[in-house]
Amino acid sequence: MDRADLVRRDAADPLAWLRAEFVVPDDRLIYLDGNSLGRPARGSIEALRESAEQEWAGGLIRSWDDWLHLPVEVGEVIGRDFLGARPGETVVADSTSVNFYRLALAALDARPDRRVIVTESGNFPTDDYVLQGIAGRTGHELRRVPADLDDGIDPAALAAAIDDDVALVTLSHVSYRSGAVVDLPAVTELAHRHGALVLWDLCHSVGSLPIDLVGADADLAVGCTYKYLNGGPGSPAFLYVRRDLQSELDQPVWGWFGQREQFEMADRYEAYDDIRRFLVGTPPVLALRSLQSAVEPLAKAGITALRAKSLELTALAVQLTDKWLTPLGASLATPRNPERRGGHVTVHHPRARELASAMTARGVVPDFRTPDRIRLGLAPATTSFADVWDAWTVMRELMTTDKRSPA
């Protein structure tokens, strides 16, 4: 294998057309941070301009006739094409942190006789911070299951932590550091056996690998839309609530968008019986228009094809890591089993922070994660096989120089 082989592979890629749907102003820049912020879709740029000029400037307040429905409409697309959800189970609103708080507290309120929350050590900080805050106010025990930095949570340790006093189990589907994938159906079934509800964080899996929430009988999920869904910086998050739980759960933040007959301006709050009861305040219209347009080409490509290319990209990255970087003092910090690997690959190196900065200076944009990891997001919509070759070439050159330098 050489670079010419990968150029030919890119030319034959069935998803080669998809990169042109996104704005790539500089082909020389190798962008491997799409798992933090995806590239903008061309359709999003056009939608923002049209929405600002025609709907906002032209339609003014009259445009709310269409805008009011965006949280549900965009949620339907994400639920159908990326979550395996049924109609009426997904909405787009607020941020991941806010949605996580609301669903976690609603789940605890639905299990009032139970006092334990189970999560993983090393989970994404915002999830852990929210849980710390909730536990501090409600008196729940926060039970953290140890998780390996590279391989993720141990299923046996998780099983031992879940008993009949657990109200809520909440994990990330894909580890933000290593890309390790948790068995979502198996964990959900385990929690249900003990009568607990499960809240999934899908931030690093939505748009990266197939998810079947209905097939897994999942209860609750949240996720952001600015990574693999390319919604844009700060684009609103989504939340999923299984249909039969919607009327049972009492979400803690009541706002007028969750109120039945909203414009009657009634004094008494009466929530919708459906997914709209999980809405709160006025939706961010421009951000929703951007997200709506961003997911269109991704949905057209299909999550099966996106996952297939993602697996090929990460397999190439693993191969080059073993061949080029391991002899230079690096190691793979991501599961080798492709079914246990999400859309990014992480490389461990004792001077990862310095190397990540040096890569950026060389035109390769990675992501540094503590304590000593270089995270490389290989977004299948916009990353080529040649990009992987070129990025790993730069890493090899920098590590070779680093190895020759005094420690």
Checklist entry - What order do 80, 340 take when sorted by accessible area (1.4 Å probe), most exposed first? => result 80, 340
Checklist entry - Once phi is turned into θ = phi - 60°, what whole-Hz ³J(HN,Hα) does the Karplus curve with 6.51, -1.76 and 1.60 give for every residue of the stretch 329-343, x standing for Gly and Pro? => result x, 8, 8, 6, 10, 9, x, 7, 5, x, 6, 9, 10, x, x
Checklist outcome for this item: Quick calc of log₁₀ I(q)/I(0), the chain, Debye, one scatterer on every Cα, no solvent, q values 0.06, 0.07, 0.12, 0.13 1/Å, result -0.25, -0.34, -0.97, -1.11
Item to check | Principal-axis tilt of helix 285-301 within the chain, Cα atoms, nearest 10 degrees | outcome: 60
Item to check | Phi to ³J(HN,Hα) by Karplus 6.51 cos²θ - 1.76 cosθ + 1.60 over the stretch 164-172, Hz, x for Gly, Pro | outcome: 7, 9, 7, 8, 9, 10, 9, 9, 8
Next on the checklist: Bin width 10 Å, origin at 0, all Cα-Cα pairs of the stretch 95-211: what percent of pairs per bin?
Outcome noted: 14, 50, 33, 3
Checklist entry - Binning every alpha carbon pair distance of the stretch 1-149 at 10 Å from zero, what are the percents per bin? => result 8, 20, 27, 24, 16, 4, 0
Checklist outcome for this item: Reported to the nearest 10 Å², residue 140 has, with a 1.4 Å probe, an accessible area equal to 20
Checklist entry - Each residue of the stretch 71-82 in order: what ³J(HN,Hα) in whole Hz does its phi give by Karplus 6.51 cos²θ - 1.76 cosθ + 1.60, θ = phi - 60°, with x for Gly and Pro? => result x, 6, 4, 5, x, 4, 5, 5, x, 5, 8, 10
Next on the checklist: As a test question: what accessible area, to the nearest 10 Å², does residue 285 have when a 1.4 Å probe is rolled over all protein chains in place?
Outcome noted: 20
Next on the checklist: Rounded to the nearest percent, how much of the accessible area of the chain (1.4 Å probe, protein heavy atoms only) is carbon and sulfur?
Outcome noted: 53
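Per residue, what accessible area does the chain have, given a 1.4 Å probe and all protein chains present, in Å²?
On the way: 17010 Å² over 407 residues.
Accessible area per residue, the chain: 42 Å².
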Checklist entry - Roughly how much of residue 243 is accessible, in Å² to the nearest 10, using a 1.4 Å probe? => result 120
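The values are calculated or read from the model by the stated rules, or taken from the named source; none is laboratory data. No experiment lies behind these values; they were computed from the predicted model shown. These area figures cover heavy atoms from the full protein model, side chains too; ligands, DNA and RNA do not enter into them. Shrake-Rupley method; radii C 1.70, N 1.55, O 1.52, S 1.80 Å.
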